[in-house]
Amino acid sequence: MAQIAYHASHEQFSPSELLSHAQMAEEAGFTAIHSSDHFQPWSERQGESGHVFSWLGAAMQACKLPFGLICAPGPRHHPAVTAQAIATLTDLSPERLWVALGSGEAINERITGQPWPSKAIRNERLLESFHIIRRLLDGETVTCHGRVCTDEARLYTRPPKRPLLLGAAITEETAHWMGSWAEGLLTINHPLEKLERVIKQFRVGGGDGKPVFVKVQISYSRSESAAYAGAFDQWRTNIFDSSVLADLWKPEQFEALAKFIEPKDLEQAVNISSDPRQHEVWLKSYLALGVDCLILHNVNREQAAFIEDFGRAVLPKL
């Protein structure tokens, strides 16, 4: 049976709010929690950016579900320190963590003052970081002088079992490349035909038999107008092509790009409806592709109603 995870959006809510949301989601019947990782939000209206690893230490004690996160190893999260944080969390909560590693976005990574590299270089850095993190968690002493550097790094506190290390991909090309080395795939809810192609390319590239996680962006409210208004308020800065989103580095740049977006434009990236039965249909269509975990991100601010209504009317149908 596929996991149905609640997405804790650090760019939209404070850590204390998200802790309450995670507890509500566990009580409502969600079977996992997934966490974003942002240094800055996409817009001033979102307005938050809690530290993901700090939050996970508290949240994994407050809730007993499996947890996942996405992060981009590099200057902001050096892979050796990332491995140390992963090891600490898995020591505290054994076999309850998975980690998706991505190439990053300028809005989070440029704050270190390092040059923002091309996608090709970011991919090289990601692959190096993946191997550094995996080798450290496996108990090796690691020296690497490439896109990132380590010098005889070794973890002294390690979990008995290393957590799953996924690759985060949006495009078919990146998914195909990750199939040969990542231990699973994290992607997003493209239109169904495109999502099917992304998953297929991951499997063709070497990921056959590996788990696939899909983050589903929805906007649910108890009225249709509120569902559209909430999505427009919170998520209109986030619907552009990944090649554009990755290179912008200030919230005001996203705001300028979204100046001419209309609420209907969000339908290309967000499943918007006030009808739980419609969301059930959408989610079942993703599950039919052989997905192992759906991560539900209600992009508007009405989290309590979403958790309550989906726990009652949607989750039991999945």
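We did not get these values from a lab; they are worked out from the coordinates using the rules stated. Quantities reported herein were computed from a predicted structural model and do not represent experimental measurements.
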Relative contact order for the chain: what percent, with Cα pairs under 8 Å and sequence separation of 6 or more? 20
For the stretch 1-136, the spread of Cα positions along each principal axis, largest first, Å: 44, 39, 26
Residues of type lysines that K200 reaches as a straight line, Cα spacing below 20 Å, ignoring anything fewer than 8 places off in the same chain: K210, K215, K284
The stretch 1-34-the stretch 57-129 distance, computed between alpha-carbon centres (Å): 19
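Please report the relative contact order for the stretch 1-148, taking Cα pairs under 8 Å with a sequence separation of at least 6, and give it as a percent rounded to a whole number.
Relative contact order of the stretch 1-148: 20 percent.
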Alpha carbon centre of the stretch 232-268 versus the stretch 146-160: separation in Å? 37
Compute the normalised compactness of the stretch 276-316: alpha-carbon radius of gyration over 2.2 N^0.38 Å, N being the residue count. 1.19
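Please state, rounded to one decimal and in Å, the Kirkwood hydrodynamic radius that the chain gives when every pair of distinct Cα atoms enters the mean of 1/r.
Result for the chain, one decimal place: 19.8 Å.
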Using the alpha-carbon atoms, what tilt in degrees (0 to 90, nearest 10) does helix 52-62 show relative to the longest principal axis of the chain? 70
So for the stretch 20-83, averaging the separation of alpha carbon pairs under 8 Å that are six or more residues apart and normalising by length, what relative contact order in percent results? 37
Treating the stretch 188-278 as a set of equal point scatterers at the Cα positions, no solvent, please give the Debye-formula log₁₀ I(q)/I(0) at q = 0.12, 0.14 Å⁻¹. -0.48, -0.63
Cα pair distances in the stretch 90-240, grouped into 10 Å bins until the bin that holds the longest one, percent each: 10, 29, 34, 20, 6, 1
Tell me what the chain gives for mean residue ellipticity at 222 nm when only DSSP H runs of n ≥ 4 count, each as -39,500 (n - 2.57), the sum divided by the residue total, rounded to 500 deg cm²/dmol. -12000 deg cm²/dmol
